[in-house]
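What follows is calculated from the coordinates using simple rules that are stated; it is not laboratory data. Predicted model, so just to flag it, every value in this text is computed and none were measured. Neighbour counts run over all protein chains shown; Cβ positions are idealised from the backbone, glycine included.
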Amino acid sequence: MVMPNQSNTGVGDRLTFKCLPTQIKDERGRLIQIRAYKAEDFESLSDMYETFEPKGLECGLPPPDKRVRSKWLKRLVSELFNVLAMYRSRVIAHSALDLSCAPLCPEYLIFVRKSFRNLGIGTALSAVMKKVAQEAGCDRVMLTVRTANRRAIKVFQKVGFGFCTELGPCRDMELPLKSTRRGRRKDDKKTIM
């Protein structure tokens, strides 16, 4: 059992956004909660990655080795803003956005549990993260995707991402944004700059 500690306390414990929490219905009619990560979610999030398949396919992520994956996940939740899609108190999707460099180009990543793919959850989660980036004052969001991952590319294009690099095994995609600058720190209630 992994207990919350300083290394898995997330940026989400310190920021609030108008677009979170929210809920959607997936294409099977199930109610999916979308909300910011909290330190007490670490065990459930770790469980999602323990059973996630295929490991290591997307630019080596999530890492196949359990120790490396644990370090990677602890780093994600401590350094990036993380959002979870939950079904019946279980993490079914995870997305993260680097807000430390706003208003520049934060890096975005998303993983959806295999049994919940092709149900609109990845698209909904990406749309929420787009709103988070706008509220945080970001000018654009960047991601890297494997060229053969047509499913993910389709999701990203639905949200507004476009290719910004030449064809290769992996390609960068960019989402230009119009900032709304509404993200606030919970402790001081000042707008993030």
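Per residue, the convex hull around the alpha carbon atoms of the range 46-93 comes to 82 Å³.
The Kirkwood hydrodynamic radius of the range 98-147, based on inverse pair distances between different Cα atoms, is 11.8 Å. Gyration tensor analysis over the Cα atoms of the range 17-86 returns equivalent ellipsoid semi-axes of 24, 16, 10 Å (largest first, whole Å). Once C-alpha pairs closer than 8 Å and six or more residues apart are averaged by separation and normalised to the residue number of the range 6-185, the relative contact order reads 22 percent.
Legend: distances between Cα atoms for K130/K178; K55/K154; K18/K178; K154/K178; K38/K154; K18/K131; pairs beyond 18 Å are K55/K154; K154/K178; K38/K154.
Restricting the calculation to Cα atoms, the range 6-185 shows an Rg/Rh of 0.93 when the hydrodynamic-style radius is the Kirkwood one. For the range 76-174, the gyration tensor built on C-alpha atoms gives an oblate shape. Its axis ratio a/c (a ≥ b ≥ c) is at least 1.5, and a/b is not larger than b/c. For the range 116-185, trypsin sites (Lys or Arg not before Pro) are listed when DSSP marks them as loop and at most 16 other Cβ atoms sit within 10 Å of their Cβ; the list is R117, K178, R181.
Charged side chains reduced to their Cβ positions (Lys and Arg at +1, Asp and Glu at -1) give the range 6-125 a dipole of some 260 debye around its Cα centre. The aspartates and glutamates whose alpha-carbon is closer than 12 Å to the alpha-carbon of K66, local same-chain residues fewer than 8 away aside, are D47, E50. The range 108-152 and the range 18-74 have Cα centres lying 12 Å from one another.
In terms of other Cβ atoms within 10 Å, R28, R90 run from fewest to most in the order R28, R90.
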